[in-house]
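Below you'll find the structure, written out as structure tokens, and then a few comments.
Taken together, the values in this text are just the output of simple stated rules run on the coordinates, not laboratory data. None of these values were measured; they are calculated from a predicted model. Because the Cβ atoms are built from the backbone with ideal geometry, glycine has one as well, and the counts that use them run over all protein chains shown.
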Amino acid sequence: MPVRTRRLGGPVALAALGVATIYTVPANRTAIVKRIQIRAAGAYTAGTAVTFYVGAPAAATAVLVYPSVSGLDAETWLVLHEGETLQVGNGTNVSVTITVSGTLLDGDPS
């Protein structure tokens, strides 16, 4: 299975309280998200967060939550299968820029 390491999505500018699709896994592929970068235009309001979802944004699909940070470089390991989408919701009061990188594998083992 050939491995392709790459930027999967972004940089994507996301307005305060906005939602965006960052990445959709292509046919016959599996993606592994390994790094997430968040850059905020200012300080977040306490109690707010940037949330990542697999599929449509909902409490049941939330997989990663990053509360009240102005800048973040996070290491992670999130497997996405063929056709799945990674979406991000900006629940903060400032705009943020999101970049996601990882590995793209040939085939879908699911």
Once you treat every alpha carbon in the range 3-106 as an equal point and sum by Debye, what is log10 I(q)/I(0) at q = 0.13, 0.25 Å⁻¹? -0.42, -1.40
ASN93's amide H: which non-local residues (gap 5+, or another chain) put their own amide H closer than 5 Å, with H modeled 1.01 Å from N in plane and none for Pro or chain starts? THR45
Residue span ASP106 to ASN93: 0.36 nm per residue of separation minus Cα-Cα distance leaves a gain in nm of 0.8 nm
Cα centroid separation - the range 46-110 against the range 19-38, whole Å: 8
What distance in nm separates the two pseudo spin-label positions at GLN37 and THR76, each 7 Å out from Cα along the beta-carbon direction? 1.6
Diffing the range 43-56: the Karplus 3J(HN,Hα) column from phi (6.51, -1.76, 1.60, θ = phi - 60°), in whole Hz with x for Gly and Pro, holds 7, 6, 6, 4, x, 9, 7, 9, 10, 9, 10, 9, x, 5
Karplus 3J(HN,Hα) series, Hz, for the range 9-26 with 6.51 cos²θ - 1.76 cosθ + 1.60 (x for Gly, Pro): x, x, x, 10, 7, 10, 5, 3, 6, x, 9, 8, 7, 8, 7, 10, 6, x
Amide H proximity to ARG35 below 5 Å, modelled H, separation 5+ or other chain, gives THR76, SER101
